[in-house]
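What follows is a short report on a single structure.
Bear in mind that the values in this text are calculations on the coordinates, not laboratory data. A quick note: this is a predicted structure, and the numbers were derived from the prediction, not measured. So basically every Cβ, Gly included, is an ideal-geometry build from the backbone, and we count neighbours across all protein chains shown.
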Amino acid sequence: MPREELVLAVSLALLASAGLLLPPIFSPDRDLVVVPVAIALGLSAVLRVPDRRCEPLLVAFLAATLVLILLGRWHAGQSAGEIIGGRIPFNDQAGYVLDALRLGEGHRLSPFSSRRPLHVLFLAAVLKVAQGNFAVASVLMCVLAALALAALALAVRRTHGTTAAVVLTLLCVLFYRRFVGTGLSENAGFILGCLAAALLWRGAGT
């Protein structure tokens, strides 16, 4: 097994253990030791791979990382201000999810969701693809976030090198992990923001 693939395997194994085997304090959506180290190791390995292999490997690694964070949150089952038991939308996001489902059935937005129409439109599209299943929609948003973040990481690597790309991507994942599995507007903001930043970065570098 090549060295890069071995490091990736170790990285994902650490992430899986943090989410599924270790106590809830190591839940990957909040741990400050195991998870950051595992992600940094994986990113350092994959972003040093030549371009042709790097792109699919980076997307796959980021998607696996975010899905493992999601599974860890579900497994821990901890409640917070925006989610119950790690799975059930609560407070603001419950309104967004409900209105997104209603929008998918042809109804109008409520005055509450009209304050953030772009997010609700985005969430409605994802839920439509997921046939109204919020768990499946959460996985799809992880994949979309991985694609968007990979585009930004590769754009940064092209102009500023591997180290800058690793640091940027790690910080982005550590920021976004809190919102994985939620219906909050940060999902649409993160995905669309990464895509916009990647396009601007590439445009500025040409």
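The order of D51, D92, D31, going from fewest to most other C-beta atoms within 10 Å of their C-beta, is D51, D92, D31. Here the sum of -39500 (n - 2.57) over DSSP H runs of 4 or more residues, divided by the residues of the chain, equals -24000 deg cm²/dmol at 222 nm, to the nearest 500. Residues I88, I39 in ascending order of nearby Cβ atoms (within 10 Å, fewest first): I88, I39.
Taking the chain as the reference, fit the longest principal axis to its C-alpha atoms, fit the long axis of helix 117-129 to the helix C-alpha atoms, and give the angle between the two in degrees, 0 to 90, nearest 10. With rounding to tens, the tilt is 80 degrees.
Averaged over all directions, how much area does the convex hull of the C-alpha atoms of the chain cover when projected, in nm²? Could the numbers behind the result be given before it?
Working: hull surface 47.8 nm².
The number I arrive at for the chain is 12.0 nm².
Placing dummy labels 7 Å off each Cα toward the beta-carbon, the span from A9 to F112 is 4.8 nm.
Which of N91, V37, L47 sits farthest toward the positive end of the charge dipole of the chain, with +1 on the Cβ of Lys and Arg and -1 on the Cβ of Asp and Glu? Farthest along the dipole direction, towards plus: L47. Applying 0.36 nm per residue to the separation of I84 and V37 and subtracting their alpha-carbon distance, the gain on full extension is 14.1 nm.
In order along the stretch 50-67, phi translates into HN-Hα couplings of x, 3, 4, 8, 5, 4, x, 5, 5, 4, 5, 5, 5, 5, 4, 4, 5, 5 Hz, rounded to whole numbers, per the Karplus curve 6.51 cos²θ - 1.76 cosθ + 1.60 with θ = phi - 60° and x for Gly and Pro.
Tell me the Kirkwood radius of the stretch 35-132: reciprocal of the mean inverse pair distance over distinct alpha-carbon atoms, in Å. Across the stretch 35-132, the inverse of the average 1/r is 15.9 Å. Measuring between their Cα centroids, the stretch 84-128 and the stretch 2-56 lie 32 Å from each other.
Taking the C-alpha atoms only, the angle from helix 162-176 to the longest principal axis of the chain is near 20 degrees.
What is the fewest-to-most order of C194, C172 by other Cβ atoms lying within 10 Å of their Cβ? All intermediate terms of the calculation are to be shown ahead of the outcome.
On the way: C194 24, C172 20.
With the sparsest Cβ surroundings first, the list reads C172, C194.
The Cα atoms of the stretch 127-206 define a convex hull whose projected area, averaged across directions, is 5.2 nm². Of the chymotrypsin sites (Phe, Trp or Tyr not before Pro) found in the stretch 109-206, those in coil by DSSP whose Cβ has at most 16 other Cβ atoms within 10 Å are F112.
Taking the Cα centre of the stretch 20-138 as the origin, how large is its charge dipole in debye, to the nearest 20, when only Lys and Arg (+1) and Asp and Glu (-1) carry charge on their Cβ atoms? Write down the numbers at each step before the final one.
Numbers: 11 positive and 8 negative charges, 34 e Å.
In total the dipole reaches around 160 debye.
Under a Cβ-only charge scheme (Lys and Arg +1, Asp and Glu -1), can you give me the dipole magnitude of the chain about the Cα centre, in debye to the nearest 20? List each step's numbers first, then the result.
On the way: 17 positive and 11 negative charges, 56 e Å.
So the magnitude is around 280 debye.
Its relative contact order, with pairs defined as Cα atoms under 8 Å and 6+ residues apart, puts the stretch 3-205 at 23 percent.
On full extension of the chain, what length is gained from Q131 through L199, given 0.36 nm per residue of separation minus the C-alpha to C-alpha distance? If you can, show how the numbers build up before the last one.
Working: separation 68, 0.36 × 68 = 24.48 nm, distance 3.06 nm.
Stretched fully, the Q131-L199 segment lengthens by 21.4 nm.
A simple spin-label model places pseudo-atoms 7 Å from Cα toward Cβ; at D51 and A94 they are separated by 5.0 nm. Across the stretch 2-61, the convex hull enclosing all Cα atoms gives 70 Å³ per residue.
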